[in-house]
Ligand code: ZN
Ligand code: FE
């Protein structure tokens, strides 16, 4: 008999682990595993993944790709040689190794490791960019280069309106959701955020906490949706103090969220 969904998901959080594999200058590759089978998110480099799989005695069960950039896809080819491994990712992006293309609202249920993934379409950084949501008492979101710790991705392909809509999708997730983004950019983002909101106490606390983490050689990721809502200026464009800063620093006279977001994203590019 099948377990009720809630029960199965509860079991997920007990049995599934997320490991962080640093790569390149500041990328994080995420591995979800149950001590036997593993799923890797955005393997830009195969070497740290192969090392981890071999060291832990894990069998690679699937690859998840958020978007086509090389720092997220460069290792797929080598990892694919380990067997017949499904590679999930967005359609209409140049990722020749994909075996399954996914769309907003799709669900992927893996048996080993036992894992349910709900698919979000998060365009802005690229047009096809996906997010992988793992539901549960404390959900997990693997959001690539969309939402970063205290920041958001650059708009390489999409419009500000698309990115804002993607960030709003993420902002609507449960506050406890753990945010697994693909880069360690948090401290640099916090420096910008403090220019926007110097008096935000949650942000000041985050600056202290993340500085301590980095000094100890630890990742500032995952964060939570609650922490991002309290400190990430790109989720806070309509807060009165943020509106005031943008109007002063960017000479933006409109005060709808999209105009404010667009002005702030352009300011961050120059920062
Ligand atoms: Zn990217
Ligand atoms: Fe990237």
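A short reminder: the numbers here are calculations on the coordinates, not readings from a lab. Keep in mind it's a predicted model, so treat the numbers as computed, not measured. All Cβ positions, even for glycine, are placed from backbone atoms using ideal geometry, and neighbour counts span all protein chains on display.
Starting from the Cα gyration tensor of the chain, take the square roots of the eigenvalues, sort them a ≥ b ≥ c, and report rounded, prolate or oblate (rounded when a/c is under 1.5, otherwise prolate if a/b is larger than b/c, else oblate). Before the final figure, lay out the partial values.
Values: a/c = 1.77, a/b = 1.69, b/c = 1.05.
Verdict is prolate for the chain.
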Two pseudo-spin positions, 7 Å from Cα along C-beta at residue 104 and at residue 249, lie apart in nanometres by 3.0 nm
The chain, relative contact order [Cα under 8 Å, separation at least 6], %: 13 percent
With axes computed from alpha carbons, what is the tilt in degrees of helix 201-215 against the longest principal axis of the chain, rounded to the nearest 10 within 0 to 90? 50 degrees
Post the alpha-carbon centroid distance, segment 204-239 to segment 42-84, in whole angstrom. 28 Å
For segment 101-214, what class follows from the C-alpha gyration tensor (a ≥ b ≥ c being the square roots of its eigenvalues): rounded when a/c is under 1.5, otherwise prolate if a/b is larger than b/c, else oblate? oblate
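So if R0 is 22 Å, what FRET efficiency would residue 116 and residue 17 give, r being the distance between their Cβ atoms, rounded to the nearest 0.05? Intermediate values should be presented prior to the final figure.
Numbers: r = 16 Å, r/R0 = 0.73.
Efficiency at R0 = 22 Å is approximately 0.85.
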Name all residues of segment 108-135 having a backbone nitrogen under 18 Å from the label point set 7 Å from the Cα of residue 82 along its Cα→Cβ direction, giving them as ranges. 110-115
Show me 49-56, 231-238 ranked by packing, highest mean number of other Cβ atoms within 10 Å first. 231-238, 49-56
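With runs of 4+ DSSP H residues as the only contributors, calculate the mean residue ellipticity of the chain at 222 nm using -39,500 (n - 2.57) per run, divided by the residue total and rounded to the nearest 500. Please report the intermediate quantities before stating the final value.
Details: 10 runs with 100 residues, N = 271.
The helix-only estimate for the chain comes to -11000 deg cm²/dmol at 222 nm.
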Approximate spin-label separation residue 24-residue 199, in nm, with each point projected 7 Å along Cα-to-Cβ: 3.9 nm
Helix 46-56 against the longest principal axis of the chain: what's the angle in degrees, Cα atoms only, rounded to the nearest 10? 60 degrees
So the angle from the long Cα axis of helix 186-196 to the longest Cα principal axis of the chain, reported in degrees to the nearest 10, equals 20 degrees
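Ranked highest first by average number of other Cβ atoms within 10 Å, how do 28-34, 253-259 line up? The partial results should precede the final answer.
Details: 28-34: 22.0, 253-259: 12.6.
With the highest mean Cβ count within 10 Å placed first, the list reads 28-34, 253-259.
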